[in-house]
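Working notes for the structure below.
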Amino acid sequence: MIATLGGSEDIVKLGVRLMENVDKVLIVAGKPLYELYPESEIKEGTEIVNPPEKASELAKLLERFGIKTETYKVDPFNFKECLITIIELIYAQSEGFEVVLNVTGGTKILSLAAMSAAGMCRRRAFVIR
C-alpha cells in the first residue's frame, strides 16, 4: 500500500485495517510548513503539523504488527514532485505484488497527485470518508 499522510496517521491505520494482507506500507508524507517557507510567510495562528514525525510514529506501530514501512518526504504543495515520486514508488515495487493507494491523507494537491498516479499506472486507489 502507498499512503499519503498529512496531519493524522489515523486514516492510514484505518486503511491498513480495511485492506487484507498488507505486508508493506510506503508512506508519502508532506514536509512540514517550516521546512518549505520562512516563518514570516506562515500565517499567524496556523497549526503546524509534522507529517514525517507522524510517519515515524506510525511506522513503529505498523512494524510491531509485522508490516514493513518506508517513508518518503515530498513538498505537499508541488503537484509535479508528488506525482513523480508516487509513480516512481509504484514502479519500484516487485512484480506480482498488488499496489493499492490510500489517497486520503495530506494536502489536496498531494492526494490529487496520488490519485493521478494511480490512474496513470492503472492501480487501484481509495479514499476513506
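The values are calculated or read from the model by the stated rules, or taken from the named source; none is laboratory data. All figures in this text were calculated on a predicted structure; none of them were measured in a lab. Positions of Cβ are generated from backbone atoms using ideal geometry, with glycine treated the same way; all protein chains shown enter the neighbour counts.
Things to note:
- Exactly one residue among G106, G66 is loosely packed, with under 11 Cβ neighbours inside 10 Å and either outside any helix (DSSP H, G or I) or among the polar types (S, T, N, Q) (or both), and that residue is G66.
- Unique match (being touching a helix residue (DSSP H, G or I) at 6+ places or on another chain (Cβ under 7 Å) and modelled with pLDDT under 95) among G105, G15: G105
- Residue in region 80-87 that is touching a strand residue (DSSP E or B) at 6+ places or on another chain (Cβ under 6 Å) and surrounded by fewer than 17 Cβ atoms within 10 Å (Cβ to Cβ) present: yes
- Pairs linking a residue in region 106-123 that is farther than 12 Å from T85 by Cα to a residue that is part of a loop (DSSP other than H, G, I, E, B) and of a type in the set (S, T, N, Q), with Cβ atoms under 8 Å and 6 or more positions apart or on different chains, are I109/N78; S111/T104.
- Residue within region 36-51 that is closer than 17 Å to A125 by Cβ and either exposed (fewer than 12 other Cβ atoms within 10 Å of the Cβ) or not charged (D, E, K, R) (or both) present: no
- Pick from region 12-35, criterion among the β-branched types (V, I, T) and in contact with a Leu (Cβ under 8 Å, 6 or more places away or on another chain), ranking: surrounded by the most Cβ atoms within 10 Å (Cβ to Cβ): V28
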